[in-house]
Each structure stands twice: as structure tokens, then as C-alpha cells.
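Structure, as C-alpha cells:
The values are calculated or read from the model by the stated rules, or taken from the named source; none is laboratory data. Keep in mind that what you see is a predicted model, and the values were worked out from it rather than measured. Quick reminder, even Gly has a Cβ in these numbers, built from the backbone with ideal geometry, and neighbours come from all protein chains shown.
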Ligand SMILES: Nc1ncnc2c1ncn2[C@@H]1O[C@H](COP(=O)(O)OP(=O)(O)OP(=O)(O)O)[C@@H](O)[C@H]1O
């Protein structure tokens, strides 16, 4: 196919096309200002407090959406489609802009009309005559590039502006990619709401970006439905959430919840860490069965009749009838056809009490009485009924149940018989019982177990859509915690099996998808890497045969000669300070990545050399321009320049150390320096 014609890439004020587009940009900016003013001026009708509150919330949301990124141009592209007489022209931007008459000036990138901008090609022009991309410098429109699709011209993703934008160095927090979403990414972003998707993508292929843009797309397309149920983004840690937190607001979406599994399951205070073997066991899906048995096994058979009082008269309910009540409810709680139909434990307890009261009401009615609903409810709350429920269907506290299992070997044995071995049960035992449930030294894995119990006690409210990033690291029990937040909604699962560093790492996605409650989810690959230069990616990919033999290596979108430097050194300190000093003088961010245990030492060396560095922590605070990053925290992040300190130590620090090293080696946008005193892992040596 013929290449796209060349167009000006530098400002050329005499070009009438450029001048017209600049006028349109100015008009769009004015319209946006007017839209903002109109949103501020929306009068509060004051119908009632609720209406006022809703209106206020909607208004501030809209203002936030319109105010996002004031320096960002109102559009980045344009499509010309065949019209009845003249071509129909649409400018595509981050959000709709209309003029005073209500006519569109800019079309939201998520609107169906915008789709051809991302998908059309010379072979399938999708009704487009032309696709135009714009180049900007300091907010000024300075260039444009056309593909005349109807004439069989497209640039196949190699256009200068597209390439420049994709390759533009990135620093600071993650940015949106709306101007340059690629066709395979767009397919995932715009998949139907009902479709759950698992994206298996190599480092830097845009998984996180795609997941966030999918959230924005779904909110735009199914706003009414999702406004009620909400969208949740789950990330691996707070440093990562901090890195991505700007993307959705920049796309006008301010109402998406972003959380870690730890924050979702924070029902107990985590104060301790498990030994690896214990953590593995606590994340095992068999624990769900143990907890289920422990909870429902606490229900006892009624052993006597019960006397209840209804509007002053006493009624006796026989033991057999009571057994039937309890059995029926327990069945409804443990063997429902689907999860949504299950009667939760706490609801079962309430229904049992109500069942007894209703039964007394029927007896009274049979004798000619007609008790009121209020009287029946009073009976359900009466001391006799409560005492009966406490005896056969006791109230349970989620933390209390897990505490009891871990401190009472006999209780655990009853719940775990045939599910966990005796050795495994011993691993769970707390030899020194805590003073109270609250005082227990809970671990992160315990918190997930407590959350599992809480989810059996009461239904967890579910989101309409959940995006789970770095999903390859989730334990099956963590997956279940996410699945509980999903309700009947759909999932976008993002991850890379080659970057799996947790003890639960799996060789394929089926176990994770099953634990997430969506076993039939299709796995879609992304293989073109946008972050890492080819030289660096090829180097990291040497680890693939050892860490993920079945996975295809990613190909890099660009090469940058000199991007990779391997520096064997006698002592680390001097060369480290020298390299970091050089990089700190360059624009962009620098991440100095080392084994977790070496962070303090590396910070010390660099600070002693007079460099302004700070360690990256997981407290959600902003990273410094030069950060010393523990290898355990670097997943999902990127830096313009990365210095890896002593790969052998990173590998030796954990059982899946080679996987961790693969993550570490794939964080650099522009340059990677590997400093090593010890030998590099064999696979990395020529
Ligand atoms: N179509 C695109 N246009 C421009 N930049 C892109 C595109 N796709 C991805 N990127 C950029 O590539 C970088 C990597 O993207 P992202 O972090 O989403 O990848 P990832 O697959 O989640 O990576 P990892 O698995 O290594 O964490 C980001 O800076 C992102 O903005």
C-alpha cells in the first residue's frame, strides 16, 4: 500500500489547513469554557434535600470532568467520513465539546463515531476518507499528518506523529494514551460490558493503560448502569495506585474506586507477616472450604421444643418442626443453585427467628386470632426466640471465627478433616493465643480469610465492573475476595505470567480465572511493548525460557542504540554514585532498583555522595525524581532511567527471584544501566 503523503511536522503559519485547525482548536477551547460556566450556573431547583444533594454531586462531578487538565488540547485527531454531499468531519478529543447551539465541536473518544479513528485501515477504511492526527508543542497545534484511507493509504502505525507520541519519554505519574490507542488495544477497551476479559501481556504492552481506558469507556457507554453499581480498579500496592491515580480523572472519570486487596480486606489490623509456607497455605482455595465448614458446622440441631409468646399467648413449637426450619435454612445457605441465590449466614439467623414468629402467628390465626405484623416482629425479637437462635444458630464474628480455628486445634480439625493434612493444620495453629481477637497479630493472608468469613455472613456489595491489575500474583483466596466485590458484574483481568513473583504463581490463567469466579473468560494476548527499548527488552527476554517457557516474547515498538549498559564493577559504591549522578542531571525520572534489604545502604551511598534521593515507600507518597526502589515494589511502575544494582542479590532474595529480576529489567523507558559486582545470572551472559 502506498505510504501516507508527507505533511508539515513543524509550525508553518502559511499552511491554510493548519490555520483552520488552529481556529477550530480555539473555538473548542472557548466552548469548553462556556460549558464550564454553564455547569457552575446550574440553578439548584431546591425541590428537596435529596434532589439538591444529587444535583450538587452531579454538578461537582461534571465540573471536575470539564476542569481536568486545562493545558491539554481539546482534540488530538480528526476523521473525515463520506457524507451526502461534503465529507462529514469529526474532531476527536478527551470529552465532548459542543457550541452554544448544541452542535458537536469535539467528539468524545469513546463515542461509537470515534471508533474508526482507532480501527480504520486502508484495507478496511470503515467509511473513512481520511484520518488526521495532530502534533502539539506546549499546547500549540504545530503539525498534522493525514492518511487518505479511501485512496488505499495508511501508515500501518509507523506515522511520524504516532511514533513520536508512543515513544515520547514518560516521567512522573502514568498518563492516558487516548490519542494513540492501537487497534488490538482498542478491541479490548471497547469490548462489551458483559464480556469478562483476561489480558496476558508482556511488560510494557499497555495492559494497565488498556484496563484504565476500558473502565473509562464502560463508564461512558453504560453510565446509567455503572453509576449505580460502580467500577473498581484493584492494583498490587499503594505505590502503584499512586502511579495510576491521574489517568481516570484526566479522562473525566472521577468516580472510580481504586484499591489494593489489602485495603479491600482491611477488617482486622495487619501487624505480622506469615512464614512463606504458612502464607501459601492460607492463600490456598481449600481454606474456603475449611472456613465454610467451620461457619455452617457451628449450627446445632434443636434438641427440645420451644415455647414462644405472641400477643400475650404462649405457643409451643415441636422439636421436629424446629429441625425442619433449621435444615431448610441451612440448605439454602450452603447449596444454592448460584452464589446470588445463597442465603447468607446472618440472614439465615434472622429468617430463623422470623420463621418461629410466623409459625406462632399461623397457630394463633388457626385459633381465630389475627395478630398484627408488629406483634409478629416483636415475637421474632423476643428473649425466648433469641435464646433459641443463639443456641442453634449462634451469632458469629468473622475475626472471632478465624481466631477460634487458629487457637483451638480440635475445632480446626473438625472443619479441616479430609481437606487439610495434620501437618497443614499444625501450620495454622497459633501456639500463643492472643489476649483477644482485636489484639491478635493478624497477617495479610489472615485478613483475606476474615474477609471470606465476612462474605459468608453477609453479602458483600458488588461492583458492576472490576479491573484487576497484576493478577498473576493473587492467591486463590485473594481472587475470591475480588470476586465477592464483583457481584453479577464483569471483569478485566490484567497480568503477565512471566512476572509472577508470588508463591501462588501459576503456569496458566485457568486457576486464577476460576478463583475469580469467571472460569470461561477468554485470554487475549498483547505482545507489542511500548515502554522498553528493543535492546533492553531483548536482554530481559533471555530470562523467558527459564521463567515462562510457554510465553511468546514481546517485540519492542522501538529501538534505542545505547539504551542498555552492563557495568561489571569492583566495588559498587563509587560507580553507583557516578552513574546516578549522571542520570540525575538528565530530564525525567530515575529509579535505582535494588534488593529490598539493600535500600537503606544504597540510599546511604547516594546521599553521602551529595545526591538528592529518597526511597520509594508503599505509603502512597509521591516518588522523588530520583528514587531508590525496592525490587519488591517496582512492579507496574516505570522510570525514564533505571539503574539495577546487583541483579544476583535481587535473584537470591526470594524463591522466584528470576521472575522478579525480569520485572526489574523491564521498567526503563529510555535507558537501563546494570551495575554488578557478582556474576550476572547465566542466562543474561552472552
Ligand atoms: N498505544 C499506546 N500509545 C502510547 N503509549 C502507550 C500505548 N500503550 C502503552 N503505552 C505506554 O507504555 C507504557 C507501558 O504501559 P503499561 O504500564 O500499561 O504496560 P503494562 O503492560 O501494564 O506493563 P507491565 O506489565 O510491565 O507493568 C506506559 O507508559 C503507557 O503509557
Open item on the list: Just to be sure before I move on: is residue 224 modelled with pLDDT under 95, touching a strand residue (DSSP E or B) at 6+ places or on another chain (Cβ under 7 Å) and more than 10 Å from the ligand (Cβ to nearest atom) in the structure I sent?
Closed with: no
TODO: Could you grab me the full set of residues in the range 617-631 that are modelled with pLDDT under 95 and within 16 Å of the ligand (Cβ to nearest atom)?
DONE: 623
- [ ] Show the residue pairs that are 6+ apart or on different chains and have beta-carbon atoms under 6 Å apart, the first residue being within the range 604-622 and within 29 Å of residue 245 (Cα to Cα) and assigned by the TED database to the domain that holds residue 593, the second being part of a loop (DSSP other than H, G, I, E, B) and at pLDDT below 95.
- [x] 614/624; 616/623; 618/237
- [ ] Answer with yes or no whether residue 139 is surrounded by fewer than 22 Cβ atoms within 10 Å (Cβ to Cβ), touching a strand residue (DSSP E or B) at 6+ places or on another chain (Cβ under 7 Å) and at pLDDT below 90.
- [x] no
Open item on the list: Can you report the number of residues in the range 562-577 which are surrounded by fewer than 17 Cβ atoms within 10 Å (Cβ to Cβ) and either in contact with a helix residue (DSSP H, G or I) (Cβ under 6 Å, 6 or more places away or on another chain) or in contact (Cβ under 8 Å) with a residue 24 or more places away in the chain (or both)?
Closed with: 9
Task: Search result, residues across the range 169-194 that are in contact with a strand residue (DSSP E or B) (Cβ under 9 Å, 6 or more places away or on another chain) and either more than 8 Å from the ligand (Cβ to nearest atom) or free of Cβ contacts under 8 Å to residues at least 40 places away in the same chain (or both) - done: 169, 171, 178, 180, 184, 187, 188, 191, 192, 193, 194
TODO: Report yes if residue 335 is within 23 Å of residue 379 (Cα to Cα) and without any contact (Cβ under 8 Å) to a residue 24 or more places away in the chain, otherwise no.
DONE: no
Open item on the list: With the structure loaded, tell me whether residue 162 is farther than 29 Å from residue 479 by Cα and either within 14 Å of the ligand (Cβ to nearest atom) or not assigned by the TED database to the domain that holds residue 130 (or both) or whether it fails that test.
Closed with: yes
TODO: Report whether or not residue 154 is more than 31 Å from the chain's Cα centre (by Cα) and surrounded by fewer than 17 Cβ atoms within 10 Å (Cβ to Cβ).
DONE: no
Task: residue 424 being over 27 Å from residue 210 (Cβ atoms), part of a helix (DSSP H, G or I), out of contact with any strand residue (DSSP E or B) (no Cβ under 6 Å at 6 or more places or on another chain) and outside the structural domain of residue 631 (by the TED database) - done: yes
Open item on the list: at pLDDT below 95 and surrounded by fewer than 18 Cβ atoms within 10 Å (Cβ to Cβ): is that true of residue 289 in this structure?
Closed with: no
Task: Residue match in the range 110-132 (condition: in a loop (DSSP other than H, G, I, E, B), within 18 Å of residue 221 (Cα to Cα), away from the ligand (no atom under 15 Å from the Cβ) and not assigned by the TED database to the domain that holds residue 35) - done: no
Task: Residue count, the range 98-113 (criterion: touching a strand residue (DSSP E or B) at 6+ places or on another chain (Cβ under 6 Å) and surrounded by 20 or more Cβ atoms within 10 Å (Cβ to Cβ)) - done: 4
Task: Qualifying positions in the range 161-183 - farther than 20 Å from residue 142 by Cβ, surrounded by fewer than 17 Cβ atoms within 10 Å (Cβ to Cβ) and modelled with pLDDT of 80 or more - done: 173, 183
